[in-house]
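Below: the structure, in structure tokens.
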Amino acid sequence: MSDAGLRPRRARARFLKPRMRSVMALCAVAALGTGFTGARLAAQERDVTEAEFDKFRALMEESNTAELFEIKGEELWTAKRGPKNASLERCDLGLGPGVLKGAYVQAPRYFADVGKVMDIEARIVHCMITLQGFRFEDLAKAPFSTEQRTPEVVSLVTYVAGQSRDMKIAAPQSNAQERDAYGLGEAIFYFRAGPWDFSCASCHGEDGKRIRTQNLPNFTNPRTAPRGFIGWPGYRMTGGVMHTLQWRMNDCFRQQRFPEPGYVSDTVTALLTFMAVNANGAVYKGPGIKR
Amino acid sequence: MKRAIIWGAAIAAVAVTGGCATTKDRAAYEADAAATIKRDFHARGAASMDRLNQDKLQLACTKHRDNLPMDLQKGIEEAELAKIVLPADGRFMGDWKSGARIAESGRGMTWSDPPGEASGGSCYNCHQLSPQQTSFGTVGPSLRQFGKLRGYTPETQKYAYQRIYNSKAFTPCSTMPRFGTSKTLSEGQIKDLVAYLLDPASPVNKD
């Protein structure tokens, strides 16, 4: 089921000696410390810090921690699991049953069998329900990673995302439902509410803004919009957890002082459609590393 | 009333376009967005569902994507100005040291904040203030040397108090929250922040 052309990279991660892996983990911890100190440096030094972090990120991506989650995800993908004791190998992510190459960069998309637009995570959840017999309520109970636990769906999304590494983002707008998801997502992006009157655009609608020292990509500018898509799923060194875009949307709404959006809900799908389509044409680098 | 008209128009727009979704206009998507959000979200912690009901200002800024037409601006500014409650004792200045702590704190109003704890002002998230704090955001303008540049006058004190209490009284679609109107900060906390900006002894006004 997995494309032969993608094997070497995955295989290389798999055969990394255990000792190499612990060295990598140590480097991550050391760099994490540097990152914290960096945040407190003088303003003029910030660009230097940023450049150093970029170098570190480039180094890490040579032997990316995220790949460990990809390996776990592949095991989960092929294993017979759930009440129906079935694997996910027949799961159709939009390009046909079992086709993984390119699926992540061509989502969210419309799925005729359910009559709605889904992102990859929503679609994997759908397959876990229909093929394996899991219940949505159970999958949605605690869907995000914590320091103690990485939900299986997070590893699965990371694995599937890895199969689109170095491919161009091409989220489709080929039918009314997909175009509606974009229009709805755009409207949600500008929806101001809550005690602090925030919309997504309050932080992500202008160029060159920061919260504290954290740069905020402008999702309405084609030049910076890909930053909302590239690098996810991401291994967050603060806390050492793997997160997907579903988590990113959830945590943005928390900081927006909104109530909580439902897991894989239409609101989140629409926003992800808006962001993915705005990122179209950029090259997806695969699961990445976050501060 | 006005809201009912907007909703009516939006629903009509959806009805007219019907299945031919690609011809939907912006107002129709905006109506969809409000309805979809209300359907998809649930209350959590202090973040209750009524937070999703847009007031007149939020509706107008959403509709005009934060670029309000001139004819709407004045009315909204006046309405927001009327929501500001000035201190009964006529004093605007509190303790700048307490203000410094409030300016640093980004806590408050999220579903993960422990209920009952005082909120901060999240000032450094968006503004430069004291030169000693180099971790500051740039969503809002720099407020470094606020008093030194503007003068330590009672008028400036009153302006700073009002601006923190309800920034929308001056810039209707400002990104800055209405800290007093939303009951995020108390009168005393706002006074402390005014002192942080306008006490000559505050680090904000030192080089």
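General observations
Conditions (1) on the phi < 0 side of the Ramachandran plot; (2) at pLDDT below 95; (3) more than 11 Å from chain A (Cβ to nearest Cβ), marked per residue:
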{"position": "B:Ala28", "(1), (2), (3)": "yes, no, no"}
{"position": "B:His42", "(1), (2), (3)": "yes, no, no"}
{"position": "B:Thr62", "(1), (2), (3)": "yes, no, no"}
{"position": "B:Gly90", "(1), (2), (3)": "no, no, yes"}
{"position": "B:Gly94", "(1), (2), (3)": "yes, no, yes"}
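- Residues in the range A:50-88 that are under 16 Å from the mean Cα position of the chain (by Cα), among the acidic types (Asp, Glu) and modelled with pLDDT under 95: A:Glu61, A:Glu67.
To keep it simple, each residue is scored yes or no on (1) in contact with a helix residue (DSSP H, G or I) (Cβ under 9 Å, 6 or more places away or on another chain); (2) within 7 Å of chain B (Cβ to nearest Cβ); (3) surrounded by fewer than 24 Cβ atoms within 10 Å (Cβ to Cβ); (4) within 18 Å of A:Gly194 (Cβ to Cβ).
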position: A:Thr244; (1), (2), (3), (4): yes, no, no, no
position: A:Asn250; (1), (2), (3), (4): yes, no, yes, yes
position: A:Gln255; (1), (2), (3), (4): yes, yes, yes, yes
position: A:Gly262; (1), (2), (3), (4): yes, yes, yes, yes
position: A:Asp266; (1), (2), (3), (4): yes, yes, yes, no
position: A:Leu271; (1), (2), (3), (4): yes, no, no, yes
position: A:Phe274; (1), (2), (3), (4): yes, no, no, no
position: A:Asn280; (1), (2), (3), (4): yes, no, yes, no
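- Flag for A:Gln173 being in contact with a helix residue (DSSP H, G or I) (Cβ under 8 Å, 6 or more places away or on another chain), touching a residue at least 24 places away in the same chain (Cβ under 8 Å) and over 26 Å from A:Ile289 (Cα atoms): yes
- Taken as a whole, the range A:240-253 holds at least one residue that is assigned by TED's automatic domain parsing to the domain that holds A:Ala187, modelled with pLDDT under 95 and in a loop (DSSP other than H, G, I, E, B).
- Residue tally, condition surrounded by fewer than 21 Cβ atoms within 10 Å (Cβ to Cβ) and in a loop (DSSP other than H, G, I, E, B), over the range A:199-217: 7
- Within the range B:60-92, being buried (at least 20 other Cβ atoms within 10 Å of the Cβ) and either more than 21 Å from A:Glu206 (Cβ to Cβ) or among the aromatic types (Phe, Trp, Tyr) (or both) holds for B:Glu80, B:Phe92.
- Qualifying residue in the range A:203-216 (condition: more than 10 Å from chain B (Cβ to nearest Cβ) and within 20 Å of the chain's Cα centre (by Cα)): yes
The values are calculated or read from the model by the stated rules, or taken from the named source; none is laboratory data. All figures in this text were calculated on a predicted structure; none of them were measured in a lab. Methodologically, a virtual Cβ is constructed for each residue, glycine included, from the backbone with ideal geometry; neighbour enumeration extends over all protein chains shown.
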